[in-house]
1. What are the residues in the stretch 125-140 that are surrounded by fewer than 22 Cβ atoms within 10 Å (Cβ to Cβ) and either touching a Pro at 6+ places or on another chain (Cβ under 6 Å) or closer than 19 Å to ILE241 by Cβ (or both), if any?
2. Does SER256 satisfy the criteria of being within 19 Å of ILE147 (Cβ to Cβ) and either among the polar types (S, T, N, Q) or open to solvent by less than 10 Å² (accessible area, probe 1.4 Å) (or both)?
3. For the subset of the stretch 484-520 comprising residues that are on the phi > 0 side of the Ramachandran plot and small (Gly, Ala, Ser), which member is most open to solvent (accessible area, probe 1.4 Å)?
4. Assess whether GLU429 counts as being under 17 Å from the mean Cα position of the chain (by Cα), crowded, with 18+ Cβ neighbours inside 10 Å and touching a residue at least 12 places away in the same chain (Cβ under 8 Å).
5. Give the number of residues within the stretch 448-469 that are open to solvent by less than 60 Å² (accessible area, probe 1.4 Å) and in a loop (DSSP other than H, G, I, E, B).
6. So, in the stretch 93-124, how many residues would count as being open to solvent by 40 Å² or more (accessible area, probe 1.4 Å) and either closer than 17 Å to ILE447 by Cβ or among the hydroxyl-bearing types (Ser, Thr, Tyr) (or both)?
7. Can LEU487 be described as free of Cβ contacts under 8 Å to residues at least 24 places away in the same chain and within 26 Å of the chain's Cα centre (by Cα)?
8. Pairs please, first residue from the stretch 293-322 and free of Cβ contacts under 8 Å to residues at least 12 places away in the same chain, second anywhere and of a type in the set (Asp, Glu), Cβ atoms under 8 Å, 6+ apart in sequence or on different chains.
Amino acid sequence: MSLPDAVAADDLEVSDRFSFMAAVSKTPKKIQFADDLQEFSKFPTKTGRRSLSRSISQSSTDSYSSVASYTDSSDDDSSPRDKQQTSSKGSSDFCVKNIKQAEFGRREIEIAEQEMTALISLKKRAQGEKPLAGAKIVGCTHITAQIGVLIETLCALGAQCRWSACNIYSTQNEVAAALAESGVAVFAWKGESEDDFWWCIDRSVNGNSDWQPNMILDDGGDLTHWVYKKYLNVYKKIQGIVEESVTGVHRLYQLSKAGKLCVPAMNVNDSVTKQKFDNLYCCRESILDGLKRSTDVMFGGKQVIVCGYGEVGKGCCAALKALGAVVHVTEIDPICALQACMEGFRVVKLNEIIRQVDVVITCTGNKNVVTREHLDRMKNGCIVCNMGHSNTEIDVASLRTPELTWERIRSQVDHVIWPDGKRIVLLAEGRLLNLSCSTIPTFVRSITATTEALALIELYNAPEGRYKQDVYLLPKKMDEYVASLHLPSFDAHLTELNDDQAKYLGLNKNGPFKPNYYRY
């Protein structure tokens, strides 16, 4: 049966469509596809592959992900360190990709403010008192619209801020530009090299001879480590450190154990609001966002292994299980392993299952969790990514060898190809997936940012002697205050104890309602 060129199948009447389809189904002619003889399981050839000789900075500027500004120019590969830029106010004390993107960044920050009502509420309540007046805060975190809201809140409360990025891929360039335009000394851009990363941290600490930090807000411990190693005199004058990540907290405890922590530090990672929201609930949503955006993978029926069943691992496993993936877990902690078993996950050793899994996700904060031996044994097409903070969980360095070829597919997505043609899909070069390949929910970031702001206020204003040279948890009363600030978003109303009930429970009617060691 033939149709005139001007008539499409969609234009046929319903009765005609059936006869049209019947005629097509009876036609003996076979449709010939161009790649009809190609086997889908056959490994690709080496033709056209790019060589390995690429630096981190080169690979990270090939293109930009959906996280990056739509105003970014992939054609502009010059380093911001080579540019002379000045804000509209005449300041040049910053280093960002393009200060002209500030207007777009301002819009991003304004959008984030709509979901960060608790932080805005704190800002309105406290800005008259200026509890951070005189505070000079040096920060090293992800620089996103949500962090922009935090930094501007700290400034409104009286602080002066200088900032760098804790991740070479997570900076939103337009947000960094907006902060620089507003007067914050920001040193960060998406796609920094390793040398750029440490240069930016150094400039944030020591880029202004008239400015010396007295507070640190860190995510991962790199800033604290740099100040301790390079600027010991500055380190000794710091009034307080606030650390938000598992990795950074671990490094603080190491300093404390070695007797080298000469400043009070607040561990906000283990506050209940941070643990549950930023780690569990955030990762439950952002793991899928990162994987979908970067690989377009379908999870139903996929074999997935999640290394680590802490709060991050729990969130990842819950999301993947809900989409029909077959999820396995590795664990070193028998309590977490038992929790995984009770949720229906099989707890295994990575070596036992590495040959059959389709996706490998690390969530431990440790190093060399996935080694070259594991990578050599993975099946063709296996997706490998990291949801833990540190970029040491996957031994990416072992893949930068002459016999392996790296092929950039899209921003933050590389094929690493073995001599026999096998390839794995490596995301963000082993760095944090949900901030390199996607974004995290603004509401979750509001909870963490509010916690950090309160921790900075507490350490900065604490009377002498309240905090010694040690690592402290956020006081439970503050943890509960952070939660209470976010309840209006859900139109939630708390029940109040009467005097008799409070006496019976041995509690103050206004809290805290949980002991300081309570986490879950």
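The values are calculated or read from the model by the stated rules, or taken from the named source; none is laboratory data. Treat the numbers as computed from the prediction; the structure is a model and nothing was measured. Don't worry about glycine lacking a Cβ; one is built from the backbone with ideal geometry, like all the others, and counts go over all protein chains shown. Ligands, DNA and RNA are excluded from the accessible area calculation, which covers all protein heavy atoms including side chains. Shrake-Rupley method; radii C 1.70, N 1.55, O 1.52, S 1.80 Å.
1. Going through the stretch 125-140, the residues surrounded by fewer than 22 Cβ atoms within 10 Å (Cβ to Cβ) turn out to be 125-131, 133-134, 136.
Across the stretch 125-140, the qualifying residues are PRO131, GLY134, LYS136.
2. Taking the combined requirement at face value, the residue does not satisfy it.
3. Looking at residues that are on the phi > 0 side of the Ramachandran plot and small (Gly, Ala, Ser), I get GLY506.
4. So GLU429 fits the description; yes.
5. Step one: list which residues in the stretch 448-469 are open to solvent by less than 60 Å² (accessible area, probe 1.4 Å), which gives 448-460, 462, 465, 467.
Then drop every residue that is not in a loop (DSSP other than H, G, I, E, B), which leaves 462, 465, 467.
Summing the residues that are open to solvent by less than 60 Å² (accessible area, probe 1.4 Å) and in a loop (DSSP other than H, G, I, E, B) in the stretch 448-469 gives 3.
6. 5
7. Details: free of Cβ contacts under 8 Å to residues at least 24 places away in the same chain: yes; within 26 Å of the chain's Cα centre (by Cα): yes.
Spelling it out, LEU487 is indeed free of Cβ contacts under 8 Å to residues at least 24 places away in the same chain and within 26 Å of the chain's Cα centre (by Cα).
8. none
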